[in-house]
Amino acid sequence: MTDEEKLIRQAQRGDVDAFTELLRSCENRLKNTAFALCPQEPEDLLQETYLASFKSIRRFRGNSSFYTWIYRIMLNLAYKKFRKNKQKEIFAKKKHLKNISENNPISEYETTDKKETIRSAVSKLPLHYKEIITLYYFEEMSVDEIAHHLNINQGTVKSRLFNAREHLKNLVEPR
């Protein structure tokens, strides 16, 4: 039995310290994901995720890692926020940005200012594109890992990734 499995079992028995330790193990990844999914209210999303996961830890079956499970909770809450606020993004037609590489638009922009521009553009993407970009570039998951994580086909991941990049190119203006 791994340390994570032991902590999960303890948390399921009501051990708050064990649950806190589980959260600490994936805290940075969750913060980055919350910021990417909900840049207007990342702390709110993070707190809602912590609370929802604490309330439902007893139902965790262990079919995935703790991070995958809590990520899914966060994603569901983000979708709920997205629908509740009825946010609809309208993309302005802008000329294509040639400076962004097809393979990794994030790595082309190494300065903090440029990264912030990219993050801002990512925040304007529809949630299903934002999710793919977050997992691929910020969480550094492979297409196969994303497909497994989201329970979708690899082709769907590739298609969404391509479309998300196209949207990003149209949203980011050259500096």
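Only the coordinates and a few stated rules stand behind these numbers; no lab work does. In this text the structure is predicted, and so the values were computed from the model without any measurement. Please note: Cβ atoms are built from the backbone with ideal geometry, for glycine as well, and neighbour counts cover all protein chains shown.
Go through the range 1-54 and report how many residues are within 17 Å of the chain's Cα centre (by Cα) and among the acidic types (Asp, Glu).
5
Find the residue count for the range 111-153, including only residues that are assigned to a helix (DSSP H, G or I) and surrounded by 14 or more Cβ atoms within 10 Å (Cβ to Cβ).
So the count comes out to 26.
Can you give me the number of residues within the range 115-130 that are hydroxyl-bearing (Ser, Thr, Tyr) and either without any contact (Cβ under 8 Å) to a residue 24 or more places away in the chain or closer than 24 Å to residue 72 by Cβ (or both)?
2
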